[in-house]
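The values are calculated or read from the model by the stated rules, or taken from the named source; none is laboratory data. As the structure is a prediction and not an experimental result, all values here were calculated from the model. Cβ coordinates were reconstructed from backbone atoms using ideal geometry, including for glycine residues, and neighbour counts include every protein chain displayed. Protein only, heavy atoms only, side chains kept; ligands, DNA and RNA dropped before computing areas. Shrake-Rupley method; radii C 1.70, N 1.55, O 1.52, S 1.80 Å.
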Amino acid sequence: MKVAITGAAGHVGSAMARGFRSHGWDVLGFGRRNVTYAQRVPYELGDDPQRLPWSEVDAFIHCAYDFRAKSWSEIREINVDGSIALLRAARDAGVKKTVFISSLSSFPGCRSLYGRAKMEVETAALGMGCEVVRPGLVWSNTSGSLMRSLEHAARGRFVPLIGDGSYPQYLVFDEDLAELLVALCQPGAPAASRAISAAHPEKRSLRSLLQLLAEKQGHRPTFIPIPWRLLHLGLKTLETLGLPAPFRSDSLIGIVFQNPSPDFALPEFPGMTFRPFA
């Protein structure tokens, strides 16, 4: 069996590549960068997807997102239209199983541009018969992505806190997420009729998460609450000036305005569980 994964050089995509390899699958990585656990096929969102080697592929997982796109028009052109064209090409080529990796930030009424883009692709993907998976905040033994930013923020004695830090987070271990994807792509696997929320159902506040990350690094932090609107203004200013920022202003919107009631039921895979954050 052979699976193709976009974004396989990233934190989440590489975990999927490792997971499929551990189950005996061959892995192709459609992307810009070389991939440790996959054979790279040069591709980036916006390229012609018809030229990709679909005839070799049994399953396809679209995990890539181009964060270089900043305005909504750029995001729609690259990440929405480019993703839909990619999923359609896989379907038209007869790929047996196609999975779109969305996010818990995607839900009706979401406010972040990232969530809105994922939501639009979700609608198209489900209409094409694809599976949709919404991972929570991904953690691992080798952290990456947003979790790395949170770990960095928790290093100092004084830790800036978004508002009162009560914003809920739902976490998923990268290996558990990979196991779900492998199960979805097995021949004869049941098809889900809706987007699957993939995370442990325990709700953790942002404050408690930062507290744990600080204790992991051997110190007790003093939190400095900062209104989220003030933080957002600062991040937007840095982005406008082209200066480095600890994380994207749109990610802040995703943290503040999370899905208030995600559904973590997995009736199609009753034995699938997600371990709690540790």
Working only within the range 236-259, note down all residues that are touching a residue at least 40 places away in the same chain (Cβ under 8 Å) and not aromatic (Phe, Trp, Tyr). Glu239, Pro246, Arg248, Asp250, Ser251, Leu252, Ile253, Gly254, Ile255, Val256, Gln258, Asn259
Within 20 Å of Gln258 (Cβ to Cβ), touching a helix residue (DSSP H, G or I) at 6+ places or on another chain (Cβ under 9 Å), open to solvent by 60 Å² or more (accessible area, probe 1.4 Å) and not aromatic (Phe, Trp, Tyr): which single residue out of Pro246, Pro227 fits that description? Pro246
With the condition kept exactly as written, say whether any residue in the range 179-189 is open to solvent by less than 20 Å² (accessible area, probe 1.4 Å), under 25 Å from Gly127 (Cα atoms) and small (Gly, Ala, Ser). no
Taking the range 111-140 and keeping only residues that are open to solvent by 20 Å² or more (accessible area, probe 1.4 Å), at pLDDT 95 or above and either among the β-branched types (Val, Ile, Thr) or closer than 23 Å to Ala245 by Cβ (or both), one is left with Arg111, Leu113, Tyr114, Arg116, Thr123
With the requirement that a residue be open to solvent by less than 30 Å² (accessible area, probe 1.4 Å) and more than 21 Å from the chain's Cα centre (by Cα), what does the range 157-178 give you? Val159, Leu161, Ile162, Gly163, Gly165
Within the group Ser106, Ser143, which residue is over 15 Å from Thr6 (Cα atoms), modelled with pLDDT under 95 and outside any helix (DSSP H, G or I)? Ser143
Strands (runs of 3 or more DSSP E) wholly in the range 1-69 with at least 1 residues that are within 19 Å of the chain's Cα centre (by Cα) and either buried (at least 24 other Cβ atoms within 10 Å of the Cβ) or among the acidic types (Asp, Glu) (or both) - which ones? 2-6, 26-31, 59-62
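If you go through the range 209-231 one residue at a time, do you hit one that is more than 28 Å from Met1 (Cβ to Cβ), hydrophobic (A, V, I, L, M, F, W, C) and free of Cβ contacts under 8 Å to residues at least 60 places away in the same chain?
We begin by selecting, within the range 209-231, every residue more than 28 Å from Met1 (Cβ to Cβ); these are 209-231.
Checking the rest, the ones that are also hydrophobic (A, V, I, L, M, F, W, C) come to 209-210, 212-214, 223-224, 226, 228, 230-231.
Then keep just the ones that are free of Cβ contacts under 8 Å to residues at least 60 places away in the same chain; that gives 230.
Looking through the range 209-231, at least one residue is more than 28 Å from Met1 (Cβ to Cβ), hydrophobic (A, V, I, L, M, F, W, C) and free of Cβ contacts under 8 Å to residues at least 60 places away in the same chain.
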How many residues are in a helix (DSSP H, G or I), under 15 Å from Ala278 (Cβ atoms) and touching a helix residue (DSSP H, G or I) at 6+ places or on another chain (Cβ under 8 Å) if we restrict to the range 165-215? 4
